[in-house]
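**Student:** Mind looking over this structure? Questions follow.
The values are calculated or read from the model by the stated rules, or taken from the named source; none is laboratory data. Just so we're clear, the structure is a prediction, and the values are computed from it rather than from any experiment. Cβ placement follows ideal geometry from the backbone for every residue including glycine, while neighbour counts extend to all protein chains displayed. For accessibility, only protein heavy atoms count, side chains too; no ligands or nucleic acids. Shrake-Rupley method; radii C 1.70, N 1.55, O 1.52, S 1.80 Å.
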Amino acid sequence: MDFRISGKVAFVAGGSKGMGREAALALADEGCKVLIVARGQEAIDQVISEIRTRGGTAEGVSADLTTREGVAKALDACRAHWDMPDIVVAQTNDYSEGRAVSMDPDIVEKTFKIYTISNIYLAQATVPAMQARKWGRFIHIGSGTAKEPQGRFPHGVANVARPATSGFLKTLSGEVAGDGVTVNTVAPGWIQTPSLDYFFEHERKFTKEEANAWLKDYIGIPAGRTGTAEEIGATVAYLCSEQAGYITGVWIVVDGGNHQSIM
């Protein structure tokens, strides 16, 4: 299927690894001009090289998107190469732990800056240009735990910040829908990424078979396996398509059936 976004400028935050990387590759394969934004220059360069080898167009910049200065730096690079982005894929992650009854205020502030404030900065800096063009896509790669927090892991701080991000994006989607701009969240479950590989191999010391059994029997994933980063990338690319122009303000779970809510 031709998603009809060839030539669009795509800004992919966290685009050097894992799900962001696959989103960048998928958009490049659709003919987008892709700006990879992350912190590590070496990983950025590797993705740029792969996209160019596949015949795509890509550039990159190392920037901290939790600050206004970092967002401005990344957008300056985008304009220097092409123009303001038509598509923004927003992804920032943190692994700070903390139980609800003992949250460290400094960790709470740091986590909100990473999960929520960074999305606000990025949207405020990019969406007005989309509104002016009467076309745009803002896709957030979040987590299923924003709607269904997992109490079995000490992720209390993230369980507070993630829903705040979803609330902001839902509000934004209603404000800009009439301008041809869609705002959606892709909510992955257990996805095979380098960080999950480390968790299974070094923290749990699981074989692949043991990991799949644990996911099915303990976590309760009906599919009985992890998802792939490519599956997330494909979902992001579709939501960026012309065909998905009537989908906005939604929270799409990609988790092998693990999420229990019907909505």
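**Student:** Kindly evaluate Ser6 against the criterion of being in contact with a Gly (Cβ under 7 Å, 6 or more places away or on another chain), polar (S, T, N, Q), under 23 Å from Trp135 (Cβ atoms) and in contact (Cβ under 8 Å) with a residue 12 or more places away in the chain.
**Tutor:** Yes.
**Student:** Take the residues of region 51-106 that are of a type in the set (S, T, N, Q), modelled with pLDDT under 95 and open to solvent by 50 Å² or more (accessible area, probe 1.4 Å): which is nearest to Val12 (Cα to Cα)?
**Tutor:** By that ranking, first place goes to Asn93.
**Student:** Out of all the residues in region 185-203, which are crowded, with 22+ Cβ neighbours inside 10 Å, of a type in the set (A, V, I, L, M, F, W, C) and within 17 Å of Arg225 (Cβ to Cβ)?
**Tutor:** Ile191
**Student:** It is to be established whether one or more residues within region 118-136 are within 21 Å of Glu22 (Cβ to Cβ), in a loop (DSSP other than H, G, I, E, B), in contact with a helix residue (DSSP H, G or I) (Cβ under 6 Å, 6 or more places away or on another chain) and not hydroxyl-bearing (Ser, Thr, Tyr).
**Tutor:** no
**Student:** Follow-up question, since we're still on this one. Does region 108-125 hold any residues that are open to solvent by 50 Å² or more (accessible area, probe 1.4 Å) and of a type in the set (A, V, I, L, M, F, W, C), and which are they?
**Tutor:** Phe112, Ile117
**Student:** Another question, then. Restricting to region 37-79, and then to whatever is of a type in the set (Asp, Glu) and over 17 Å from the mean Cα position of the chain (by Cα), can you tell me which residue is farthest from Lys110 (Cα to Cα)?
**Tutor:** Once the filter is applied, the top-ranked residue is Glu50.
**Student:** Let me ask another. Regarding Phe168, is this residue farther than 18 Å from Gly257 by Cβ, among the aromatic types (Phe, Trp, Tyr) and modelled with pLDDT under 95?
**Tutor:** no
**Student:** Let me ask another. Which of (1) surrounded by 15 or more Cβ atoms within 10 Å (Cβ to Cβ); (2) over 30 Å from Arg133 (Cα atoms) does Thr235 not meet, given it meets every other one?
**Tutor:** Answer for Thr235: the failing condition is (2).
**Student:** Taking the residues in region 221-232 that are surrounded by 20 or more Cβ atoms within 10 Å (Cβ to Cβ) and touching a strand residue (DSSP E or B) at 6+ places or on another chain (Cβ under 8 Å) as candidates, determine which candidate is farthest from Asp29 (Cα to Cα).
**Tutor:** Step by step, filter region 221-232, then rank; the result is Thr226.
**Student:** Taking Tyr218 as the residue in question, decide whether it is open to solvent by 20 Å² or more (accessible area, probe 1.4 Å), under 23 Å from Ala24 (Cβ atoms), without any contact (Cβ under 8 Å) to a residue 40 or more places away in the chain and assigned to a helix (DSSP H, G or I).
**Tutor:** no
**Student:** Something else: Just wondering, is there one or more residues in region 246-263 that are surrounded by fewer than 16 Cβ atoms within 10 Å (Cβ to Cβ), of a type outside the set (Ser, Thr, Tyr), in contact with an Asp or Glu (Cβ under 7 Å, 6 or more places away or on another chain) and not in a helix (DSSP H, G or I)?
**Tutor:** Within region 246-263, one or more residues are surrounded by fewer than 16 Cβ atoms within 10 Å (Cβ to Cβ), of a type outside the set (Ser, Thr, Tyr), in contact with an Asp or Glu (Cβ under 7 Å, 6 or more places away or on another chain) and not in a helix (DSSP H, G or I).
**Student:** Which residues, counting only those in region 165-196, are among the small types (Gly, Ala, Ser), over 15 Å from the mean Cα position of the chain (by Cα) and outside any helix (DSSP H, G or I)?
**Tutor:** Within region 165-196, just Gly180 meets the criteria.
**Student:** In the list Gly136, Gly156, Gly144, which residue meets the criterion of being of a type in the set (Gly, Ala, Ser) and either open to solvent by 30 Å² or more (accessible area, probe 1.4 Å) or in contact with a His (Cβ under 8 Å, 6 or more places away or on another chain) (or both)?
**Tutor:** Gly144
**Student:** Kindly establish whether Glu230 is modelled with pLDDT of 95 or more, among the charged types (D, E, K, R) and over 17 Å from Ala10 (Cα atoms).
**Tutor:** Yes: the conditions hold for Glu230.
**Student:** Right, another one. Considering only region 29-50, state which residues are in contact (Cβ under 8 Å) with a residue 24 or more places away in the chain and open to solvent by 10 Å² or more (accessible area, probe 1.4 Å).
**Tutor:** Asp29, Glu30, Gly31, Lys33, Ala38, Arg39, Gly40, Ala43, Gln46, Glu50, listed by residue number.
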